[in-house]
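Everything on this sheet refers to the single structure shown next.
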Amino acid sequence: MSESNLPTSIQQAGPDTLRIEWQDRHTSLYPVRELRLACRCARCVEEFTGQPLLRDDDVPDDVRPDKITQVGRYALAFHWSDGHDTGIYTFDYLRESCPCCREDSA
Ligand SMILES: [Zn+2]
Ligand SMILES: [Zn+2]
């Protein structure tokens, strides 16, 4: 794991935005519903085939993280307002899915 993929701050920046600041001072803003839909736990993605089990319709429009806890030194566990709490998001995965880094427009 790259050292820059360590968050220095994790905050709810608005009702539907999560802000993570990283060791290298990059700031990521995540639409929380997209994070919920990107969950890769065994209840959201079929373990062997990789088929998504979670449908867009399954997630309420106003879903948000009720609680975020750190898992070891490498990941975050989200407790979502829809009751889902088995998803773990590694820092590497979160950093790779940073919306501003994924898109060409700055
Ligand atoms: Zn899940
Ligand atoms: Zn970014």
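Computed from the C-beta positions of ASP24 and ILE68, the FRET efficiency with R₀ = 30 Å rounds to 0.90. Using R0 = 25 Å, the C-beta based FRET efficiency linking ASP92 and ARG55 works out to 0.45. Inter-part distance, region 54-106 to region 1-44, computed on C-alpha centroids, equals 6 Å. Listed peptides 47-58, 10-21 appear in the order 10-21, 47-58 once ranked by packing, highest mean of other Cβ atoms within 10 Å at the front. Surface composition of the chain: carbon and sulfur atoms hold 45% of the protein heavy-atom accessible area at a 1.4 Å probe. Within the chain, the proportion of Cα pairs with more than 25 Å between them is 18 percent. The relative contact order of region 3-102, computed from alpha carbon pairs under 8 Å that lie at least 6 residues apart in sequence, is 22 percent.
For the chain, CYS41, CYS100 have no disulfide-compatible partner, since no other Cys C-beta lies under 4.7 Å from theirs.
Projecting the Cα atoms of HIS84, PRO60, VAL45 onto the charge dipole of the chain (Cβ charges, centred on the Cα centre) puts HIS84 farthest toward the positive pole. Accessible surface area normalised per residue over the chain is 63 Å², counting heavy atoms of protein chains with a 1.4 Å rolling probe. Take 65-75, 30-40 and order them by the average number of nearby Cβ atoms within 10 Å per residue, most first; the result is 30-40, 65-75.
The values are calculated or read from the model by the stated rules, or taken from the named source; none is laboratory data. Nothing here was measured: the structure is a model prediction, and the numbers come from that model. In this analysis, Cβ positions are derived from the backbone assuming ideal geometry, glycine residues included, and neighbour counts consider all displayed protein chains. Side chains are part of the model used for accessible areas, which takes the heavy atoms of the whole protein and leaves out ligands, DNA and RNA. Shrake-Rupley method; radii C 1.70, N 1.55, O 1.52, S 1.80 Å.
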